[in-house]
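The values are calculated or read from the model by the stated rules, or taken from the named source; none is laboratory data. From a predicted model like this one, the values you see are computed outputs, not experimental measurements. Don't worry about glycine lacking a Cβ; one is built from the backbone with ideal geometry, like all the others, and counts go over all protein chains shown.
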Amino acid sequence: MSAATGPDDPLELLPKVDLHCHVEGTMRPATVVELAAKNGVELPTSDLSELYRYTSLDSFLEVFWLVQSLLADRDDWARLGYEAAVDSAAHGLVYGEFFFTPARHLEAGQFLADIVAGLDEGLATAEQETGAQVRLIADFDRAHGPDAALALASQLIDLRHAGSTGMDRIVGVGMDSTEAGVNPAHYVAAYELADRAGLRRTAHQGETTQAWTIEAALDVLGCERIDHGLSVLDDLDLTRRMAADGIPLTVCPTSNVLIANHVELLADHPYAEMRDAGLMATLNTDDPALTQLDLGAEYRAVRDAFGYEFADMVAIAGDGIDATWLDDDEKRRLHTRLREAAHELQPDR
Ligand code: HPA
Ligand code: ZN
């Protein structure tokens, strides 16, 4: 294995996808400080490293919601979209499906059309500059309940029919925020509406809750992917089923250490166990700027924690491509690109 690290590491340049990245969680520290000043939000501390320490998912969500509250207008969303894509592309992202979670902005009186148009503007500029492509997943925020989810699904569909700017960038719906005590089945109406409109479906499940919630997301909500999904391993039948059916899990090991406090060390994370069980466990960043992470660093960290070879990491990157919601031709093109790059970057043995 190559001893190179950081920018010289082959995994940095390897073409990668990220299917579990919250666009709000990519906000640069400098942008946090500037938007707080611009929009009159007082940060509890000027030392962000102090703020970005979490003892549980709920303690993280307090910080995530504070960062979200800094996004006040269309220009802020455009800046966020631009910086998210540029920063990810700098670490080898070639394609992403990024979440945005607008519930609290809508509640505060922002318009979904402005949020999406802003994100679209920033992402389009970044795409032109970098060649990376980013599509969006509109996430329901469980802290706002099933009625807000249904209202969001319905607005998405109305704006789509109206041809509102940027709506074609939204490829699916998901669900995030607090998991504990929430039965995913309560969100069935929002998911059914999204499905009827041709949107793809995923959900954060099994980050802090039991395997039955993953099963409910699959069977009741019709999810085609599961975000995190760690607790799948507690249920052998479900593990076998998800492996046999090739249902992707968008796993974020570093996040699970730092945000959910699921394990103390990356080496204790069940990622390798998930892969060994035949699960399509892809590798993703979650909230990179809020965990001092990037996609290249996540690939290197996982390689080093589990002693994976370069070829193992290429296989993981390939599973990421298969797990996207791209069409078959687009997937083939990305696979070709990955194969060629892997050949070039293959470290000396
Ligand atoms: N889990 C739930 N909600 C979130 C997360 C997460 O990992 N990141 C941002 N919102
Ligand atoms: Zn997440």
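Annotations for the structure displayed:
- Restricted to segment 1-91, the set of helices (runs of 4 or more DSSP H) holding at least 2 residues that are within 30 Å of E344 (Cβ to Cβ) comprises 10-13, 74-89.
- Residue count for segment 162-186, restricted to those that are under 20 Å from the mean Cα position of the chain (by Cα) and not in a strand (DSSP E or B): 9
- Search result, residues across segment 205-227 that are assigned to a helix (DSSP H, G or I) and under 21 Å from C21 (Cβ atoms): I214, A217
- Cβ separations smaller than 8 Å between residues 6+ apart or across chains give the following pairs from segment 318-337 residues that are among the hydroxyl-bearing types (S, T, Y) to residues that are assigned to a helix (DSSP H, G or I): T324/E330; T324/K331; T324/L334.
- T336 touching a strand residue (DSSP E or B) at 6+ places or on another chain (Cβ under 9 Å) and either at pLDDT below 95 or closer than 24 Å to L13 by Cα (or both): no
- Which listed residue, of L119, L93, L136, L61, is surrounded by fewer than 22 Cβ atoms within 10 Å (Cβ to Cβ) and in contact with a helix residue (DSSP H, G or I) (Cβ under 8 Å, 6 or more places away or on another chain): L61
- Here V23 fits the description: within 16 Å of ligand 1 (Cβ to nearest atom) and within 14 Å of A289 (Cβ to Cβ).
- Among (1) within 17 Å of V17 (Cβ to Cβ); (2) of a type outside the set (S, T, N, Q); (3) within 15 Å of ligand 2 (Cβ to nearest atom) - the single one R275 does not satisfy: (3)
- Applying a threshold of 6 Å to beta carbon distances and a minimum spacing of six or more residues, or different chains, the list of pairs starting in segment 129-142 at a residue that is under 14 Å from L112 (Cα atoms) and ending at one that is polar (S, T, N, Q) reads D139/T101.
- Scanning segment 222-253 for residues that are within 16 Å of ligand 1 (Cβ to nearest atom) and surrounded by fewer than 24 Cβ atoms within 10 Å (Cβ to Cβ) yields one hit, S231.
- Helices (runs of 4 or more DSSP H) contained in segment 228-294 and holding at least 3 residues of a type in the set (D, E), within 20 Å of R53 (Cα to Cα) and under 13 Å from the mean Cα position of the chain (by Cα): none
- Checking each residue of segment 213-229 against the condition of being more than 16 Å from ligand 2 (Cβ to nearest atom) and in contact with an Asp or Glu (Cβ under 8 Å, 6 or more places away or on another chain) gives at least one match.
- The residues of segment 266-286 that are surrounded by fewer than 21 Cβ atoms within 10 Å (Cβ to Cβ) and either free of Cβ contacts under 8 Å to residues at least 24 places away in the same chain or within 12 Å of ligand 1 (Cβ to nearest atom) (or both), listed by number, are D268, D276.
- Search result, residues across segment 130-144 that are more than 15 Å from ligand 1 (Cβ to nearest atom) and assigned to a helix (DSSP H, G or I): T130
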